[in-house]
1. Once both labels are modelled 7 Å past Cα along the beta-carbon direction, what's the residue 81-residue 10 spacing in nm?
2. Nearest 10 degrees, 0 to 90: what angle lies between the long axis of helix 43-55 and the longest principal axis of the chain (Cα atoms)?
3. Mean residue ellipticity at 222 nm from the helices of the chain, using -39,500 (n - 2.57) per DSSP H segment of n ≥ 4 over the full residue count, to the nearest 500 deg cm²/dmol?
4. So how tilted is helix 4-26 from the main axis of the chain? Cα-based, degrees 0 to 90, rounded to 10.
5. Cα axis of helix 76-96 to longest principal axis of the chain: angle in degrees, 0 to 90, nearest 10?
6. What would the Debye equation give as log₁₀ I(q)/I(0) for the stretch 1-93 at q = 0.10, 0.14, 0.19, 0.25 Å⁻¹, counting only Cα atoms as equal point scatterers?
7. Give, in nm to one decimal, the length gained when the segment between residue 67 and residue 32 is fully stretched (0.36 nm per residue of separation minus the Cα-Cα distance).
8. Given the C-alpha centroids of the stretch 72-94 and the stretch 1-49, what is the distance between them in whole angstrom?
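Just so you know, all these numbers are worked out from the coordinates, no wet-lab data involved. All values reported here derive from a predicted model rather than from experimental measurement. Quick reminder, even Gly has a Cβ in these numbers, built from the backbone with ideal geometry, and neighbours come from all protein chains shown.
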């Protein structure tokens, strides 16, 4: 490893690795069709097709958790406030998309 020609080879191989990795990162395509991950005769292909047909519009669910020591959902005022917050979140989601 201390020979100069070995160091040159290691540097050249590492540089080639970086170049290939950089090229790969720039050419990455997002999105894998789920149906291509199963056999063509599998029951899951039909499921994936229906999932894409009916749930493609809202692919990523946004989870919101309301918690706290004084969160009493039997109180109508608190339920109204929670509903107002969820309506604002829905409105913001529509503005973003």
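1. The modelled label-to-label distance comes out at 6.3 nm.
2. Helix 43-55 sits roughly 60 degrees off the main axis of the chain.
3. Result for the chain: -20000 deg cm²/dmol, rounded to the nearest 500.
4. 30
5. It is inclined by approximately 40 degrees.
6. -0.68, -0.83, -0.98, -1.20
7. Numbers: separation 35, 0.36 × 35 = 12.60 nm, distance 3.56 nm.
Stretched fully, the residue 67-residue 32 segment lengthens by 9.0 nm.
8. Computed from Cα coordinates, the inter-centre distance equals 44 Å.
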